[in-house]
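Here is the structure we will look at, set down as structure tokens.
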């Protein structure tokens, strides 16, 4: 890996300094990070940022504040690297209190700035020693890994035999210097949106019965969760299936796993699993399984309509799903399958979906 | 309290007590909430009127106490002149008693019926007597009365009269128990008191609500308004019949002296002109005026040039006092701006002079998303009901407020924004939409004046908003140049461990203007201002700068001449402004001698600067 501090200097600090020395008004340009500027990368089959760019110039107060803040963040990262420390994004937000005019006004702003620095430098937040607040989600199933502990020793863990019912907790960084994937006896990875369903599958022994690795996504999955899914898919050759609620937000969860998320489109090739498959709950499941439903809220309808305009959802499958859901004006949770008993999901629904050919998307 | 009345002959007597008992809604006592409001209103109106007539600065306290579940006791105490003990029974116990009812001048009390109605309502709803205490300056002792009303005979009955020592020179207190309900809100007794304080800044008002909570609206003006006086009719707008009646009842023997003595603003010269136009002989007897002569007089009144009707009969609050009143009542909302209140010249409606004044309170904690608040007054009396029907509301709605910086749907209707619009119409005879006298009728001449007054204060709001906008742009630019770009340069060089590069060329590119901005310090009655002129362009510049303070007297040079100010250098000058300190919101600067594209923070000097002296903002009369 290149020296992070050097890259930051090269791509950011020297650039700004250079403009000033030449008597030019400093500016920073980078791809616009929104839905309107993501395109399909044909090589990796994931969605990445397109050509539209956003320029921030010190000609305006907002632009100048932005540039100043990015310098402060770079300086902060530099210090952490020298002291071999890491911090949470939230800690950085609070530390910025002391940055005078470079101070952040919300954590959203500082999180965004950290991501912008990734885009600008083509490095990762993890390289900067910045990590998210929440700890990773958990996995359970027959996969053996080695994780480097605080003493710097790699410790072998089998995520089926060496963990309790809570499973193995994914650390914030899952790169090779922290986590190595050793071997697996599993045949597939099943990523599950909600904790309730994850626990149900664990209690019913689904992982052992069907020889799979269960991953709890905890809603919209964290980067490390997505990265680990990607590595299991690439390095252990395990196919990835995604099992979520049947509502517009769950569609987005699947999209971020399979196609890449809009906020992190600069690293989609590193996080997304383009071969991941969506199991359900599909809109048609709601009808064919006659599941208990809720009426769509205004926000749900808005989200579905936004998805109709989202380039990632422009496939026959998704247009159908979204159209059907809007048509029936209903949504269902994955735990609604309990209508047919606690074992129905493990005895019938998932086996049918996973192992009956022709019933998949 | 009702004023002392000496001329019994001027009082009329209408036996309506019984009628009222059965039709109390006609006088506004139709619900316990409204009854409470009416009582407070009538009592405080009487108190202020009585003080005004005797040029007393009113100290008034109002308290509302809970008697039991449904009953409240309202007590209003003032430092007014007191009431003749012999008159107390009539003043409080006889409906339609009071000279005010027939007076031809501006006064608060409207019907001469109010306080007695309150006494009667209290009697009907609780069976208890009103308690009145009063003391006149000439008396050594004060008297206390218990009063009820003999409904069939429309007479006050005194149940108990005691004398006692009262620790005050003069004053009156009335206390009435009644079935009532205390509420707060836009149409409440509390709101009435609050708004009354706005237009009576010379009043000190204390209020205690039923929960024991105390409010104080302190006096902000130490001068009592001069008492309003009666006046002769102004010639314009009189009905034919009124002219005839005046002629037939006059004491004058001759036409010319009738004209000069019976009408306002008819001088000897004007009378001659009128008589010449009508062909009526100056020596003819006015008591023999014919209908056609009266008609030609009426026409001649319109043709001659008359001075505006005298304002002595009118008693506007006055611009400075309105501002003080608004401030003392609404300061808890921390408004960012009080408009310069506007007092329109008097107008005439049907021979009766009237005058409109308006003020605006803007910003601060006032709600941004709601309709602006309209606070209406007639003759210093707040109007809380029938807002929609009132000419004031309609005037507000007809104006397109969007150019003044407010939100308004399609440019009509009540606009939205953090604003209170205050309009006071005073006059000897104000047309109302109905007998309840809660809304001014839309009469063209009055509506026009209200619109003009509102536009004038509206322009003031626009000026304020423009100024605020300009200031914030300049402050942003200053921040960019003085803080952010140097900070970027410093941080980048520290991180690279290199010397900071010179940033002047960058700053010239970012700004390329001469920035003019001030800092100021305020003392009790003056402001000292330091103005900085920075040349952020790339050439030397020369210009002249003229400061124009918003008010007060400028102590300093009329203009400052700056010659060959080199790039990135600045020039400071200082001056002070006397007679202003509170709410100083910045001086305007004007310049000459340089292309306006190179200047930010000042405006080009208007062409009429020298002609207009220090006053630049002309008032455009639409």
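Meeting the requirement of 2 or more residues that are surrounded by fewer than 20 Cβ atoms within 10 Å (Cβ to Cβ), touching a helix residue (DSSP H, G or I) at 6+ places or on another chain (Cβ under 7 Å) and without any contact (Cβ under 8 Å) to a residue 60 or more places away in the chain, the helices (runs of 4 or more DSSP H) wholly within the stretch B:264-382 are B:268-278, B:291-303. Checking the structure you have, find out if any residue of the stretch B:533-540 is touching a strand residue (DSSP E or B) at 6+ places or on another chain (Cβ under 8 Å), within 14 Å of chain A (Cβ to nearest Cβ) and under 19 Å from residue B:601 (Cβ atoms). Within the stretch B:533-540, one or more residues are touching a strand residue (DSSP E or B) at 6+ places or on another chain (Cβ under 8 Å), within 14 Å of chain A (Cβ to nearest Cβ) and under 19 Å from residue B:601 (Cβ atoms). Residue B:388 meets the conditions (1) under 28 Å from residue B:238 (Cα atoms); (2) in a helix (DSSP H, G or I) in every case but one. The failed one is (1). Just one of the listed residues (A:264, A:315, A:293, A:324) is out of contact with any helix residue (DSSP H, G or I) (no Cβ under 9 Å at 6 or more places or on another chain) and either more than 24 Å from residue A:188 (Cα to Cα) or outside the structural domain of residue A:252 (by TED's automatic domain parsing) (or both), namely A:315.
Only residues that are surrounded by fewer than 12 Cβ atoms within 10 Å (Cβ to Cβ), in contact with a strand residue (DSSP E or B) (Cβ under 9 Å, 6 or more places away or on another chain) and modelled with pLDDT of 90 or more were counted across the stretch A:128-160, and they come to 2.
With a cut-off of at least 1 residues that are within 25 Å of residue B:472 (Cβ to Cβ), name the strands (runs of 3 or more DSSP E) lying wholly within the stretch A:5-69. Break it down stepwise before answering.
Numbers: elements: A:27-31, A:38-41, A:46-49, A:53-57.
Here the list reads A:27-31, A:53-57.
Taking the conditions (1) touching a residue at least 60 places away in the same chain (Cβ under 8 Å); (2) within 14 Å of chain B (Cβ to nearest Cβ); (3) farther than 25 Å from residue A:38 by Cβ in turn, residue A:138 satisfies each one other than (2). Annotation: of all residues in the stretch A:99-122 being within 13 Å of chain B (Cβ to nearest Cβ) and assigned to a helix (DSSP H, G or I), the one that is surrounded by the fewest Cβ atoms within 10 Å (Cβ to Cβ) is A:100. Checking each residue in the stretch B:575-597 for being over 28 Å from the mean Cα position of the chain (by Cα) and surrounded by 13 or more Cβ atoms within 10 Å (Cβ to Cβ) picks out B:575, B:576, B:589, B:590, B:591, B:592, B:593, B:594. Against the test of being surrounded by 19 or more Cβ atoms within 10 Å (Cβ to Cβ), free of Cβ contacts under 8 Å to residues at least 24 places away in the same chain and either within 23 Å of residue B:490 (Cβ to Cβ) or more than 10 Å from chain B (Cβ to nearest Cβ) (or both), the options A:20, A:12 yield a single qualifying residue, A:20. Scanning the stretch B:512-547 for residues that are crowded, with 17+ Cβ neighbours inside 10 Å, in contact (Cβ under 8 Å) with a residue 60 or more places away in the chain and either over 19 Å from residue B:589 (Cα atoms) or in contact with a helix residue (DSSP H, G or I) (Cβ under 9 Å, 6 or more places away or on another chain) (or both) yields a count of 7.
Has the stretch A:139-156 got at least one residue that is outside any helix (DSSP H, G or I) and on the phi > 0 side of the Ramachandran plot? For the stretch A:139-156, residues outside any helix (DSSP H, G or I) and on the phi > 0 side of the Ramachandran plot: present.
Which one is farthest from the chain's Cα centre (by Cα), of the residues in the stretch B:406-430 that are crowded, with 17+ Cβ neighbours inside 10 Å and part of a loop (DSSP other than H, G, I, E, B)?
B:408
For the stretch A:269-278, state whether one or more residues are in contact with a helix residue (DSSP H, G or I) (Cβ under 7 Å, 6 or more places away or on another chain) and closer than 16 Å to residue A:332 by Cα. Yes, that holds for at least one residue.
How many residues, within the stretch B:66-82, are surrounded by fewer than 17 Cβ atoms within 10 Å (Cβ to Cβ) and either within 28 Å of the chain's Cα centre (by Cα) or in a strand (DSSP E or B) (or both)? Give the derivation first.
At the first step, the residues of the stretch B:66-82 found to be surrounded by fewer than 17 Cβ atoms within 10 Å (Cβ to Cβ) are B:66-70.
When the remaining residues are screened for being either within 28 Å of the chain's Cα centre (by Cα) or in a strand (DSSP E or B) (or both), the result is B:66.
Matching residues across the stretch B:66-82 total 1.
Does residue B:184 satisfy being in contact with a helix residue (DSSP H, G or I) (Cβ under 6 Å, 6 or more places away or on another chain) and farther than 26 Å from residue B:316 by Cβ?
Values: in contact with a helix residue (DSSP H, G or I) (Cβ under 6 Å, 6 or more places away or on another chain): yes; farther than 26 Å from residue B:316 by Cβ: yes.
Against the criterion (in contact with a helix residue (DSSP H, G or I) (Cβ under 6 Å, 6 or more places away or on another chain) and farther than 26 Å from residue B:316 by Cβ), residue B:184 qualifies.
In the stretch A:203-224 there is at least one residue that is assigned to a helix (DSSP H, G or I) and within 13 Å of the chain's Cα centre (by Cα).
Might you check whether a residue that is in contact (Cβ under 8 Å) with a residue 12 or more places away in the chain, under 23 Å from the mean Cα position of the chain (by Cα) and not in a strand (DSSP E or B) occurs anywhere in the stretch B:30-38? Yes: one or more hits. Restricting attention to the stretch A:83-98, the residues that are touching a strand residue (DSSP E or B) at 6+ places or on another chain (Cβ under 7 Å) and either surrounded by fewer than 10 Cβ atoms within 10 Å (Cβ to Cβ) or outside any helix (DSSP H, G or I) (or both) total 3. Counting only residues that are within 7 Å of chain B (Cβ to nearest Cβ) and over 25 Å from the mean Cα position of the chain (by Cα), the stretch A:47-77 holds 10 of them. Cβ separations smaller than 9 Å between residues 6+ apart or across chains give the following pairs from the stretch B:469-491 residues that are within 10 Å of another protein chain (Cβ to nearest Cβ) to residues that are loosely packed, with under 15 Cβ neighbours inside 10 Å: B:483/A:100; B:487/A:100; B:489/B:502.
The values are calculated or read from the model by the stated rules, or taken from the named source; none is laboratory data. All values reported here derive from a predicted model rather than from experimental measurement. No Cβ is skipped: glycine too gets one built from the backbone with ideal geometry, and neighbour counts run over all protein chains shown.
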